[in-house]
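Below is one structure, written out as structure tokens; comments come after it.
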Ligand code: PAF
């Protein structure tokens, strides 16, 4: 194990942060579920560039998984995660057990960011964003950072969290860091490790389809036409099953008829049993 300290209880973390807050001023926070990769390292580096002391949480949050989802098999790789965080410049890991985060399960107090959370990923993963918002708010209350860092691959998650902190006056700046990709375009994700060799070979088709949509958006302004082309391109990937392929308002995430404001093309695609998400901004 690397020299990076790992706190496992809320009281240990609060103790560690008391000194850091006094000596270091700004605290940066990167919430994760572990199984860290270069995308997470980019979040830690962004946090370190902006703040003096960086906390990374590693917690596979049960309340954001549906009953048939991969909570039990989600990869747990704390030793490798600690090493990656140390190399990227983090100062402290917070890795609580489920009982530490949720002494009373299920929590009776939860957070819903209504209209932002009930479509796109929220439609096929009911309750997912309630689980995300509830744990992120708990973590923000525990760490009390000046800034928290999220990846733009999880576009809807970042939009929802931004809105949550605004609505609830949480005193934190939300920073969204660009998606990190493999050389062939596949967005880095902890779930990429579930892909078989043949699924991995076709997975870059997801980003290729999104890039084609971005190029088409220069001339085609009708959103239903763009969405139909995007869905067709994704469906042509061998073995792919499209969960959604949508072009939505970049801020409200609501459906659009015309590209008359900043928009984002967002997709979720199953390759075998692995669900991958990605998105691009449209001009
Ligand atoms: O993006 C993630 O890894 C998770 O949704 C988060 C923000 C750590 C909450 O569990």
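Taken together, the values in this text are just the output of simple stated rules run on the coordinates, not laboratory data. None of the values given here were measured: they were computed from a predicted structure. Cβ atoms come from the backbone with ideal geometry, glycine included; neighbour counts cover every protein chain shown.
Go over the candidates 148, 159 one by one and state the one that is part of a helix (DSSP H, G or I), within 16 Å of the ligand (Cβ to nearest atom), under 24 Å from residue 47 (Cα atoms) and within 13 Å of the chain's Cα centre (by Cα). Break it down into steps so the answer makes sense when it comes.
Values: 148 fails: part of a helix (DSSP H, G or I).
Step by step, each of 148, 159 is checked, and only 159 is part of a helix (DSSP H, G or I), within 16 Å of the ligand (Cβ to nearest atom), under 24 Å from residue 47 (Cα atoms) and within 13 Å of the chain's Cα centre (by Cα).
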### Message
List pairs: first residue in segment 182-211 and at positive phi, second residue crowded, with 18+ Cβ neighbours inside 10 Å anywhere in the structure, Cβ distance under 7 angstrom, at least six positions apart or on different chains.
### Response
185/207
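Would you mind finding the one in 218, 225 that is over 20 Å from residue 124 (Cβ atoms), in contact (Cβ under 8 Å) with a residue 40 or more places away in the chain, more than 16 Å from the ligand (Cβ to nearest atom) and surrounded by fewer than 17 Cβ atoms within 10 Å (Cβ to Cβ)? Outline the logic, then answer.
On the way: 225 fails: in contact (Cβ under 8 Å) with a residue 40 or more places away in the chain.
None of the others qualify; the one that does is 218.
For segment 56-87, name all the residues that are within 11 Å of the ligand (Cβ to nearest atom) and closer than 16 Å to residue 29 by Cβ.
Taking segment 56-87 and keeping what is within 11 Å of the ligand (Cβ to nearest atom), we get 56-65, 74.
Selection gives 56, 57, 58, 59, 61.
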### Query
When residues of segment 116-131 are filtered for being part of a loop (DSSP other than H, G, I, E, B), within 15 Å of the ligand (Cβ to nearest atom) and closer than 15 Å to residue 268 by Cα, how many remain?
2
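If you check 165, 176, which single one turns out to be under 19 Å from the mean Cα position of the chain (by Cα), buried (at least 17 other Cβ atoms within 10 Å of the Cβ), assigned to a strand (DSSP E or B) and touching a residue at least 24 places away in the same chain (Cβ under 8 Å)? Step through it out loud before you land on a result.
On the way: 165 fails: assigned to a strand (DSSP E or B).
Matching residue, one of 165, 176: 176.
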### residue 153 being part of a loop (DSSP other than H, G, I, E, B), within 12 Å of the ligand (Cβ to nearest atom) and touching a helix residue (DSSP H, G or I) at 6+ places or on another chain (Cβ under 9 Å)
yes
